[in-house]
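Each remark here refers to the structure printed beneath this line.
The values are calculated or read from the model by the stated rules, or taken from the named source; none is laboratory data. For clarity, every value in this text was computed on a predicted model and none was experimentally measured. All Cβ positions, glycine included, derive from the backbone under ideal geometry; neighbour counts span all protein chains shown. The protein model used for the area step is the full one, side chains on, heavy atoms only, and it has no ligands, DNA or RNA in it. Shrake-Rupley method; radii C 1.70, N 1.55, O 1.52, S 1.80 Å.
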Amino acid sequence: MPETPVFSTAAVAAPHTLAAEAGRTILATGGNAVEAMVAMAATIAVVYPHMNGLGGDGFWLVREPRGRVHALDASGPAGSLATIKRYRDKGYDSIPPRGPDAALTVAGAVSGWGLALDLAKALGGQLPRDMLLGDAIRLAREGYRIGAAEGRNPLLEEAALFAAPGFAEAFLKEGKLPPAGETRHSLRLADTLEQIAHAGLADFYRGDVGREIAADLERIGSPITRKDIETYQARVVKPLSVELKHSTVYNMPPPSQGLATLLMLGLFHRLDVKQGEAPEHHHGLIEAAKRAFAIRDKVVTDPRELTLDPASFLTPTVFEKEAAMIEARRAAPYPPRPAEGDTIWMGCIDKDGLAVSYIQSVFWAFGSGCVLPATGIHWHNRGFSFSLDPKSLKALEPGKKPFHTLTPGLAVFNDGRVLSYGTMGGEGQPQILGQIFTRYGDFGMSLADAVDAPRWLFGKRWKEPSATLKVEDRFDSSLLRALSSYGHPVEELAKPYADMMGHAGMLVKHPRNGRVEAVHDPRSDGGSLGL
């Protein structure tokens, strides 16, 4: 059932209620939306470890009430020792997804929190770090109840995950993940959070915490060095944007796949679909996604190595050309590719209209699986996106950033509405965002119905032989028959609400009354809260 939306002066949305509560507390204390999001990010890093953590990356979109949009890239590069030769010499044909050799990129999320707090201070934020990290510290030390979503999550390469250094001690009980409802304590992580609250977030990289992280990574055999960690800094970047008929939509530049999200919307709008939930609506989005992904795969790489300007593809000329290649009632062939990844998205809009769309991730469930004993941090496996083919656009190189699935959304409508929206869902995020955005923005669904409505994903799961159109079982059968007749390989899931379809959320500030409307996904353990 759809979540009952929140209508309030300020609101938050998150896939875990404890994170939402942390954000609402900060708003109630007088903090702004960026400060609230840092509190939410720290809290969810503790209570939702399968989806994110301090050992992962993040991307921020922040819109000031007067209209300026900021983008923060908190993704980390490959370690100095992460060379193709190193992996080939170890006998690898591709990057392993679990274990120390998967823990090959610097974690950028905490640096992103610091950069975001610099922005928060410039916008009037005054709350101290110990208050912002207080809920996260308390929950890590006193314990939190394991959520239902953790147990539902598929654990790819489970044997390798469970065998990763430190994983069993941190997360397993009698060789298995504990069931939902049991209490988990993360005492080392609590100490780490207390240290960076006291000493500053930069301590994670250039202080006592950074030294312990580097020592543990070296001990387990990761290719990340102390210098890699010491020299890392999150960056302010220029957001990508596209003007649609009714709005301007923003997303992240490379290494994020934000380009694909914007391309998909731009192409779909050129199709001039008149009716939502009709076969033309979903067929158009599927085909737009295929063409957007084809462009993305030729363009998106480390921003230092771009040979094509991503913004040059977000033009009316490109949209017209690409949309003309979409046949109204015929599915185009598409190369199958895996579409995995685990992430959290959260949003916040405060009473002044400051809006945040934030995404934080360790990539696969529990990332590399490596838990660093001195700090309690589990490290991501985002480097799995690299290729060991030196001719590939994604070829592994020391200091290079991998391709990122993370793609937070932000839109400003011509009538003054401001929308913060996003989802988890790995490589499928643009498809999920396209569905919820067009349902709300183009076809007038309520915020709650747009997030609740059944979803599909076109793609290939890990080790599947071919790509299919996976659909939740709440779609009208006539719609599925029509899509099948167009040539889409429909695979109906025996689930009305499937986690693989994302944990999405949307918040919108209405200009007429200044109220914030917020909703989060019934597929998650979270919700939306307001003041």
Original post:
What single numbered condition from (1) open to solvent by 10 Å² or more (accessible area, probe 1.4 Å); (2) in contact with a Leu (Cβ under 8 Å, 6 or more places away or on another chain) fails to hold for Thr438?
Top reply: (1)
Original post:
Going by the structure shown, is Ala448 of a type outside the set (Phe, Trp, Tyr), under 22 Å from the mean Cα position of the chain (by Cα) and surrounded by 23 or more Cβ atoms within 10 Å (Cβ to Cβ)?
Top reply: no
Original post:
In segment 9-30, which residue that is of a type in the set (Gly, Ala, Ser) and open to solvent by 10 Å² or more (accessible area, probe 1.4 Å) is nearest to Gly181 (Cα to Cα)?
Top reply: Ala28
Original post:
Taking Ala22 and the conditions (1) assigned to a strand (DSSP E or B); (2) of a type in the set (Gly, Ala, Ser); (3) touching a Ser or Thr at 6+ places or on another chain (Cβ under 7 Å), which numbered condition does it fall short on, given that it satisfies the others?
Top reply: (1)
**OP:** Report the residue count in segment 276-320 for those that are among the acidic types (Asp, Glu) and within 24 Å of Lys401 (Cβ to Cβ).
**Re:** 4
Subject >> Residue satisfying all of: in segment 412-435; more than 16 Å from the chain's Cα centre (by Cα) and under 22 Å from Gly527 (Cβ atoms); most open to solvent (accessible area, probe 1.4 Å) among these >> reply: Arg417
Original post:
Going by the structure shown, is Lys400 modelled with pLDDT of 95 or more, within 30 Å of Val516 (Cβ to Cβ) and basic (Lys, Arg)?
Top reply: no
**OP:** Kindly list, by first and then second residue, each pair from a residue in segment 193-206 that is hydroxyl-bearing (Ser, Thr, Tyr) to a residue that is crowded, with 17+ Cβ neighbours inside 10 Å, limited to pairs with Cβ atoms under 6 Å and residues at least 6 apart or on different chains.
**Re:** Tyr205/Ile229; Tyr205/Tyr232
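Could you list all residues from segment 207-227 that are in a loop (DSSP other than H, G, I, E, B) and free of Cβ contacts under 8 Å to residues at least 60 places away in the same chain? Let's see the steps before the verdict.
Filtering segment 207-227 for residues in a loop (DSSP other than H, G, I, E, B) gives 207, 221-225.
Matches in segment 207-227: Gly207 only.
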**OP:** Inspect segment 177-186 for any residue being in a helix (DSSP H, G or I) and out of contact with any Leu (no Cβ under 8 Å at 6 or more places or on another chain) and give the result as yes or no.
**Re:** no
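Any idea how many residues of segment 298-312 are open to solvent by 30 Å² or more (accessible area, probe 1.4 Å) and either within 17 Å of Ala332 (Cα to Cα) or touching a helix residue (DSSP H, G or I) at 6+ places or on another chain (Cβ under 6 Å) (or both)?
Our first condition is that a residue be open to solvent by 30 Å² or more (accessible area, probe 1.4 Å); within segment 298-312, this holds for 298, 303-309, 311-312.
After this cut, where a residue has to be either within 17 Å of Ala332 (Cα to Cα) or touching a helix residue (DSSP H, G or I) at 6+ places or on another chain (Cβ under 6 Å) (or both) as well, the list is 308.
Final tally of qualifying residues: 1.
Here is a check on your reading of the model: is Ala164 within 20 Å of Gly369 (Cα to Cα) and out of contact with any strand residue (DSSP E or B) (no Cβ under 9 Å at 6 or more places or on another chain)? Spell out the reasoning first.
Working: within 20 Å of Gly369 (Cα to Cα): yes; out of contact with any strand residue (DSSP E or B) (no Cβ under 9 Å at 6 or more places or on another chain): no.
It is false that Ala164 is within 20 Å of Gly369 (Cα to Cα) and out of contact with any strand residue (DSSP E or B) (no Cβ under 9 Å at 6 or more places or on another chain).
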**OP:** With a cut-off of at least 3 residues that are touching an Asp or Glu at 6+ places or on another chain (Cβ under 6 Å), name the strands (runs of 3 or more DSSP E) lying wholly within segment 414-531.
**Re:** 468-471
**OP:** Would you be able to say whether some residue in segment 455-466 is more than 28 Å from Pro253 (Cα to Cα), open to solvent by 50 Å² or more (accessible area, probe 1.4 Å), in contact with a strand residue (DSSP E or B) (Cβ under 8 Å, 6 or more places away or on another chain) and hydroxyl-bearing (Ser, Thr, Tyr)?
**Re:** yes
Original post:
Which residues, counting only those in segment 336-379, are modelled with pLDDT of 95 or more, hydroxyl-bearing (Ser, Thr, Tyr) and under 27 Å from Val62 (Cα atoms)?
Top reply: Ser357, Tyr358, Ser361
